Amino acid sequence: MADTFSKETRSRIMRAVKSRGNLSTEVALVQAFKRKGMKGWRRNYNICGKPDFVFREKKIAVFADGCFWHGHDCRNVTPKANSAYWSAKIRRNKNRDKRVSALLKEKGWRVFRIFECKIRKGSLPSGLVAAVKLGPSSPRGGDR
């Protein structure tokens, strides 16, 4: 199926996608934190990998991952135009996510990566909620 936009228009649309302040991920996650009574999070905390949120005292890093950009299987969509580029781009993003998560875990952080589709549904990993509200920090990783 051909793209409904011209090459220039599609390029402008994709350039406009921002990695910070995205309504479907970060802003929705803030609302979910508030609904669950989760406090103590910080944004733009300066550690490797640039997590979207950290709970510094608990050493918890939270990444709000867009389904398209991070290759979640809920979408299974690769653009027809320039598909080799997009497949390689998403593969590099997934590899970087694994490296960053491993590095943070080595430094004693618990890492949670939450896909956009889960955030939209308002679901947070139960391990994240429990770790923030109850438990001490632990280097174990979190599930998506």
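Mind checking whether some residue in segment 52-63 is among the β-branched types (Val, Ile, Thr), assigned to a strand (DSSP E or B), within 11 Å of the chain's Cα centre (by Cα) and modelled with pLDDT of 90 or more? Checking segment 52-63: at least one residue is among the β-branched types (Val, Ile, Thr), assigned to a strand (DSSP E or B), within 11 Å of the chain's Cα centre (by Cα) and modelled with pLDDT of 90 or more. Given the structure, is Ala130 closer than 26 Å to Lys36 by Cβ, aliphatic (A, V, I, L, M), at pLDDT 85 or above and assigned to a strand (DSSP E or B)? It is false that Ala130 is closer than 26 Å to Lys36 by Cβ, aliphatic (A, V, I, L, M), at pLDDT 85 or above and assigned to a strand (DSSP E or B). In summary, Lys121 fulfils each of the numbered conditions (1) at pLDDT below 90; (2) of a type in the set (Lys, Arg); (3) surrounded by 12 or more Cβ atoms within 10 Å (Cβ to Cβ); (4) closer than 21 Å to Arg35 by Cα with the single exception of condition (3). In the condition set (1) modelled with pLDDT of 90 or more; (2) under 16 Å from the mean Cα position of the chain (by Cα); (3) part of a loop (DSSP other than H, G, I, E, B), Met38 is compliant with all but (2). Would you check which residues across segment 124-133 are closer than 13 Å to Phe55 by Cα and exposed (fewer than 15 other Cβ atoms within 10 Å of the Cβ) and list them? Listed by number, the residues that qualify are Ala130, Lys133. For segment 67-118, the candidate set comprises residues that are among the aromatic types (Phe, Trp, Tyr) and at pLDDT 90 or above; within that set, the residue that is surrounded by the fewest Cβ atoms within 10 Å (Cβ to Cβ) is Phe115.
Does Pro79 satisfy the criteria of being out of contact with any Gly (no Cβ under 9 Å at 6 or more places or on another chain), part of a loop (DSSP other than H, G, I, E, B), within 30 Å of Thr4 (Cα to Cα) and in contact (Cβ under 8 Å) with a residue 24 or more places away in the chain? Spelling it out, Pro79 is indeed out of contact with any Gly (no Cβ under 9 Å at 6 or more places or on another chain), part of a loop (DSSP other than H, G, I, E, B), within 30 Å of Thr4 (Cα to Cα) and in contact (Cβ under 8 Å) with a residue 24 or more places away in the chain. Each residue in segment 29-58 was checked for being among the acidic types (Asp, Glu) and loosely packed, with under 13 Cβ neighbours inside 10 Å, and 1 pass.
Yes or no, residue by residue, for (1) among the polar types (S, T, N, Q); (2) over 18 Å from the mean Cα position of the chain (by Cα); (3) within 27 Å of Ser123 (Cβ to Cβ):
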{"position": "Asp65", "(1), (2), (3)": "no, no, yes"}
{"position": "Ser83", "(1), (2), (3)": "yes, yes, no"}
{"position": "Ala88", "(1), (2), (3)": "no, yes, no"}
{"position": "Asn95", "(1), (2), (3)": "yes, no, yes"}
{"position": "Ser101", "(1), (2), (3)": "yes, no, yes"}
{"position": "Lys107", "(1), (2), (3)": "no, yes, no"}
{"position": "Arg110", "(1), (2), (3)": "no, no, yes"}
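The values are calculated or read from the model by the stated rules, or taken from the named source; none is laboratory data. Quantities reported herein were computed from a predicted structural model and do not represent experimental measurements. Because the Cβ atoms are built from the backbone with ideal geometry, glycine has one as well, and the counts that use them run over all protein chains shown.
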